[in-house]
Amino acid sequence: MGGRMLWLLVPVLFLCGTCWGRFVVEKNSLKVTSPNSLKGIYESAIGNFGVPQYGGTMVGIVAYPKVNWKACHNFKDFDISYKSKPGGFPTFLLVDRGDCYFITKAWNAQNSGAAAVLVADNVAEPLITMNTPEEENSKADYLQNITIPSALISKSFGDRLKKAIENGDMVSVNLDWKESLPHPDNRVEYEFWTNCNDECGPKCDSQIQFFKNFKGAAQILEKKSYTKFTPHYITWYCAEIFLSSKRCKSQCINHGRYCAPDPEQDFSKGYDGKDVVMQNLRQVCLFKVASESGKPWLWWDYVTDFAIRCPMKEKKYTKGCAEEVIKALGVDLKKINKCMGDPDADEENPVLKAEQDAQIGKDSRGDVTILPTLVINNRQYRGNLDRTAVLKAICAGFKETTEPAVCLSDDIQTNECLENNGGCWQDKASNITACKDTFRGRLCECPVVEGVKFVGDGYTHCKAKKPSTEGGWSFLWVFFILTIAGVGAYCLYKYRFRSYMDSEIRAIMAQYMPLENPEAQSHIRNDQS
């Protein structure tokens with residue numbers, strides 16, 4: 001127990017020692033469209049599980065259960081279903097905070113047929129991020145199967161929603177994630193904060209599975225310069241009062257400067273925390289060396305291959321196994337070892353020091369305190385570590401109309417132009433449309449067809465823009481006048497040049513022969529013509 005308390009203490013000391021950092025709660029907006037007494041836009045905190053609809057919106061009707069208010073039990077036990085009927089609005093289930101984990105509430109809401117879950121806080125406080133439980137307390141193997149979005153709302157707002165529902169009002173809500181991620185340009189920059197420990201339970205298992213599933217998409221996006229990816233690793237330092245302890249020495253390198261918790265939470269067996277730190281360092285250096293050779297995407301090959309070939313459970317989590325994987329990928333092993341430095345030196349390791357500095361929040365990005373954490377365009381991603389969910393979030397980071405084709409595939413988004421042409425103008429006879437499909441929704445813009453630009457509002461009309469005839473004739477007249485002027489100038493120049501040459505030649509020839517004879521003068525001019 002004492003060992004666990006030590007490792008609970010060290011991360012806290014690290015963060016307290018950097019008081020300028022802070023944890024940022026990522027939010028989306030919640031718009032109430034009815035009843036009139038509640039109309040307005042409210043903040044809600046995105047849960048760190050489920051699948052937030054980054055770049056999109058959801059419309060639904062809020063329901064509050066008559067029993068099982070905290071959703072800690074299966075709603076089937078109460079013969080309650082919130083599955084919407086065909087053609088009906090989806091149900092957003094409002095539940096109370098308390099008595100069980102957030103993920104339990106979301107799982108029970110999802111099984112009841114709800115399309116989203118809103119958790120009303122039970123105390124008046126600033127919004128927090130709903131996270132998954134600690135591994136040692138978590139027995140929920142359904143974590144990665146939660147697919148509905150979740151959000152925490154304030155107690156006061158929750159009370160108002162409950163009162164409206166109790167009064168029989170239909171509470172209509174629009175959940176909006178369109179501005180949850182910045183989308184300034186045609187390239188997305190994202191980071192993945194992790195730890196290469198593979199003995200941390202469901203979170204580690206889901207992380208390894210994510211690497212395998214997302215590798216293909218990540219490498220394509222990186223190779224075509226659609227994204228810029230950077231991996232990061234969280235380490236802690238050992239409190240000074242514990243530097244001489246055996247536990248600190250077994251969990252840290254560089255004399256307590258860089259540490260990781262014991263993988264098995266048992267100091268008497270298995271691997272030590274310093275083994276994890278060394279592997280973290282090796283993976284950072286591999287990424288640096290691969291990037292220098294123009295192949296940063298090799299990091300994805302390494303982490304997936306290492307997880308398969310060198311797992312802790314098979315006692316293969318070793319330097320030798322790691323180096324075999326590196327050699328197979330053709331990355332310069334000598335450069336990686338040089339980058340790693342000496343783990344026994346009583347000095348800072350510049351690579352790991354940079355990782356610790358980067359962990360502190362800057363600008364709009366908060367401190368990285370949750371493992372794993374994905375940061376997209378300097379905002380922390382919230383939701384399942386799932387290929388489709390993460391790809392949706394990355395696609396939401398592109399400026400409209402600049403997203404790659406993978407973002408417009410059917411399993412990522414819905415092509416709104418396929419239904420009623422998205423409400424945009426179209427010419428069915430010519431098969432011309434103003435509807436443009438983007439990840440964040442359709443745009444109605446008059447098109448350019450075979451070099452001909454159509455103009456209009458894009459919704460009700462678009463008309464081919466005729467070439468300007470007057471402008472064309474004006475250009476021809478200007479060209480004609482300039483041509484005449486040029487020819488005239490050339491003729492004048494040639495005449496003056498000939499006159500000058502004639503006088504020069506006459507002066508030269510006068511030294512050798514008399515020029516009084518008119519025929520001789522004429523002969524000389526003709527020869528020089």
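The values are calculated or read from the model by the stated rules, or taken from the named source; none is laboratory data. Computed from a predicted model, the values in this text were never measured in an experiment. Positions of Cβ are backbone-derived with ideal geometry, glycine not excepted, and every protein chain shown enters the neighbour counts. Just so you know, the surface numbers come from the protein's heavy atoms only, side chains and all, with ligands and any DNA or RNA stripped out. Shrake-Rupley method; radii C 1.70, N 1.55, O 1.52, S 1.80 Å.
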### Message
So if I check each of E355, E348, E324, E314, which one is in contact with a strand residue (DSSP E or B) (Cβ under 6 Å, 6 or more places away or on another chain) and not aromatic (F, W, Y)?
### Response
E355
### Task
Filter the stretch 356-381 down to the residues that are charged (D, E, K, R) and touching a Leu at 6+ places or on another chain (Cβ under 9 Å), then identify the one that is modelled with the lowest pLDDT.
D367
### Task
Kindly list, by first and then second residue, each pair from a residue in the stretch 322-335 that is over 13 Å from A290 (Cβ atoms) and in the same structural domain as T304 (by the TED database) to a residue that is at pLDDT below 95 and charged (D, E, K, R), limited to pairs with Cβ atoms under 8 Å and residues at least 6 apart or on different chains.
E324/R309; A328/D305
### Task
List the number of the failed condition for I241; all other conditions in (1) under 21 Å from Q356 (Cα atoms); (2) modelled with pLDDT of 90 or more; (3) β-branched (V, I, T); (4) open to solvent by 10 Å² or more (accessible area, probe 1.4 Å) hold.
(2)
### Task
Output the number of residues of the stretch 166-202 satisfying the condition of being open to solvent by 40 Å² or more (accessible area, probe 1.4 Å) and either aromatic (F, W, Y) or assigned to a helix (DSSP H, G or I) (or both).
2
### Summary
Every listed condition ((1) exposed (fewer than 15 other Cβ atoms within 10 Å of the Cβ); (2) in contact with a Gly (Cβ under 8 Å, 6 or more places away or on another chain); (3) in contact (Cβ under 8 Å) with a residue 24 or more places away in the chain) holds for T401 save (2)
### Query
In the stretch 198-207, is there at least one residue being under 20 Å from the mean Cα position of the chain (by Cα) and at pLDDT below 90?
yes
### Task
Looking at (1) open to solvent by less than 70 Å² (accessible area, probe 1.4 Å); (2) in contact with a His (Cβ under 8 Å, 6 or more places away or on another chain), find the lone condition where M312 falls short.
(2)
### Pick from the stretch 280-302, criterion open to solvent by 10 Å² or more (accessible area, probe 1.4 Å) and either of a type in the set (A, V, I, L, M) or not assigned by the TED database to the domain that holds T230 (or both), ranking: nearest to F192 (Cα to Cα)
L298
### Task
Please work out if S250 is of a type in the set (G, A, S), more than 21 Å from K288 (Cα to Cα), surrounded by 15 or more Cβ atoms within 10 Å (Cβ to Cβ) and assigned by the TED database to the domain that holds E355.
yes
